[in-house]
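Here is the structure we will look at, set down as structure tokens.
What follows draws every value from the coordinates through simple rules; no lab data is involved. A quick note: this is a predicted structure, and the numbers were derived from the prediction, not measured. Cβ coordinates were reconstructed from backbone atoms using ideal geometry, including for glycine residues, and neighbour counts include every protein chain displayed.
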Amino acid sequence: MSNCADKGIKTRCVHAGRREGDVFGTMHDPIYMTSNYRLPSDGSPVDWAGIHTNIYARNGNVNQFSLQDKLAAIEGAEACVVMGSGVAALSGIFLTFLKSGDHVVCSQVCYSAVGIMFRTLLPNKFNIEASMIDSTDLEAVKAAIKPNTKLIHIETPGNPTTGISDIAAIAKLAKEAGALLSVDGTFASPLLQNPLALGADLSMHSMTKYINGHGDALGGCVLGKTALIDKIKEQAMVNFGGIISPFNAWLIGRGLITLPLRMRQHSQTAQQVAEFLEQSPAVRFVYYPGLKSHPQHEVAKRQMNGGYSGMISFDIKGGEAARMKFLNALKLISHAVSLGDAESLIVFPDSASPHKMQFYPEVFRQGYYRFSVGLEDAEDIIADLDQAFKACGLR
Ligand SMILES: *Cc1c(COP(=O)(O)O)cnc(C)c1O
């Protein structure tokens, strides 16, 4: 196995992490569907809760190891842990590094499960206090830090607004406060942004999205220094049980091979679609980090490399009356949750929880769509949007 550390990122996506030495000389890792391993026959002691020995698949499985090595090579990280879902990775960070009496500063625009964990579950069950703030505003982050702040958790670009938080500047604040900084970079993928290089302690992704990219497996990962990642493995993986299945790890490792090509295309197409939306008379507003009109475009330009990904937020002018009509008029673009797949996906994610919109920029509060631009031709995506605008009488 080679981590190709001296090679380019596309080479690392193809080659890193692969196990060699299979008896049949196969090019690719087999899927090791086994829940247990043979124990040493010499009676040597076994570390039953260990993460470095092959005992039981919850202590680690071979396909998990391959995927971890691949991701660590891609992000240039010392270590990586992959878990059963993005939320398992997030709760893994929180349950490992926080205890009763600790305080957290967290982006108020964040994945819904993070909002529920920090606003309800962790305060009520474990006396962990959280300040939910606008992390695109450095002063707000600074003002929220307390003597017992142990973790700053930000999401950038934020789901669903695409708001950009300044990772390097917040990393400095975290260091001064003696707190860890974890960054959910799911919207950017490891290709377009490197939080660890910008000073973050932990880089986290839902692998369900761009990293896998094929919409057929759930997973999550956390990257950082070995000392931190081993703690997550020991606590959240082995003892809280957030392990990934070997099959999903294998699928995600397969998806990762084409990540650079996919991210380049998602970014290119989304830029074209965002520019179309921006000039369309049917559109009330559009947020895309690659547009000059995006409020944090300059920060995005500084901390993202090679594109602005495929996520757009926008709204049409028809208001509530047109909202479902527009979705139902779309023919190529699917009305479905999740993001980062080959298929274009669109959703009005907060229709059931309008209270969340108070945390979003003013323009979002009358409603908006979250749009994951897929890998179809830009012309076909634009034509589909345009015919749906027409069907709604918006142009
Ligand atoms: C989807 C998502 C998650 C959660 O990941 P799952 O794999 O669905 O558990 C976390 N953060 C962001 C930004 C996401 O989009």
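If you place +1 on the Cβ of every Lys and Arg, -1 on the Cβ of every Asp and Glu, and leave all else neutral, what size is the dipole of region 206-266 about its Cα centre, to the nearest 20 Debye?
220 debye
What does the helix-only formula give at 222 nm for the chain: each DSSP H stretch with n ≥ 4 adding -39500 (n - 2.57), the total divided by the residues, and the result rounded to the nearest 500 deg cm²/dmol?
-10000 deg cm²/dmol
Taking the convex hull of the Cα atoms, report for region 342-388 its projected area averaged over all directions, in nm². Could you put the intermediate results ahead of the total?
Working: hull surface 16.4 nm².
That works out to 4.1 nm², a quarter of the Cα hull's surface.
Using only the alpha carbon atoms of region 1-78, find the Kirkwood hydrodynamic radius as the inverse mean reciprocal pair distance, in angstroms to one decimal.
Details: mean 1/r = 0.0710 Å⁻¹.
Across region 1-78, the inverse of the average 1/r is 14.1 Å.
First obtain the Kirkwood hydrodynamic radius of region 259-391 from its Cα pairs, then insert it into the Stokes-Einstein equation at 10 °C and 1.306 mPa s, and state the resulting D in µm² per second as a whole number.
106 µm²/s
Rounding to the nearest 20 debye, state how big the charge dipole of the chain is about its Cα centre with +1 on each Lys and Arg Cβ and -1 on each Asp and Glu Cβ.
Result for the chain is approximately 300 debye, rounded to the nearest 20.
With viscosity set to 0.890 mPa s at 25 °C, what whole-number translational diffusion coefficient in µm²/s follows for region 232-284 from Stokes-Einstein and a Kirkwood radius over Cα pairs?
In µm²/s, the coefficient rounds to 168.
Given C-alpha coordinates of region 84-184, what is the ratio Rg to Rh with the Kirkwood estimate of Rh?
Using Cα coordinates only, the ratio equals 0.93.
Work out how far the C-alpha atoms of region 1-148 reach from end to end along every principal axis, then list the three figures in whole Å, largest first.
Sorted from largest, the Cα extents of region 1-148 read 58, 42, 25 Å.
Based on a Kirkwood Rh over C-alpha pairs, give the Stokes-Einstein translational diffusion coefficient of region 182-273 at 37 °C and viscosity 0.692 mPa s in µm²/s.
Using the Kirkwood radius from Cα pairs, D works out to 232 µm²/s.
Projected area of region 245-321, taken from the Cα convex hull and averaged over every viewing direction, in nm²?
Mean projected area for region 245-321: 7.5 nm², to one decimal.
Can you give the FRET efficiency for SER338 and ASN36, using 1/(1 + (r/R0)^6), R0 = 35 Å, r = Cβ-Cβ distance, to the nearest 0.05?
With R0 = 35 Å, the Cβ-Cβ based efficiency is 0.60.
Write down Rg/Rh for region 312-372, rounded to two decimals, with Rg from the C-alpha atoms and Rh from the Kirkwood relation over Cα pairs.
That ratio is 0.95, to two decimals.
Per the Kirkwood definition applied to all pairs of different Cα atoms, how many angstroms is the hydrodynamic radius of region 65-120? Present the calculation step by step, with values, prior to reporting the outcome.
Values: mean 1/r = 0.0767 Å⁻¹.
Roughly 13.0 Å, rounded to one decimal.
Please go through the residue pairs LYS7/LYS70; LYS70/LYS225; LYS175/LYS209; LYS142/LYS301; LYS172/LYS225; LYS150/LYS225 and name each one whose alpha carbons sit more than 20 Å apart in this structure.
Exceeds cut-off: LYS175/LYS209; LYS142/LYS301.
With no solvent and one equal point scatterer placed on each C-alpha of region 179-333, evaluate the Debye formula and give log10 I(q)/I(0) for q = 0.16 Å⁻¹, two decimals.
Once normalised to I(0) and log-transformed, intensities are -1.02.
Taking N as the number of residues in region 164-229, what value does Rg over Cα atoms divided by 2.2 N^0.38 Å take? Display every interim value, and only then the final one.
Values: Rg = 12.6 Å, N = 66, 2.2 N^0.38 = 10.8 Å.
So region 164-229 has a normalised radius of gyration of 1.17.
Under the Kirkwood approximation applied to all pairs of distinct alpha-carbon atoms, what is the hydrodynamic radius of the chain in Å? Numbers along the way, then the final one.
Details: mean 1/r = 0.0460 Å⁻¹.
Roughly 21.8 Å, rounded to one decimal.
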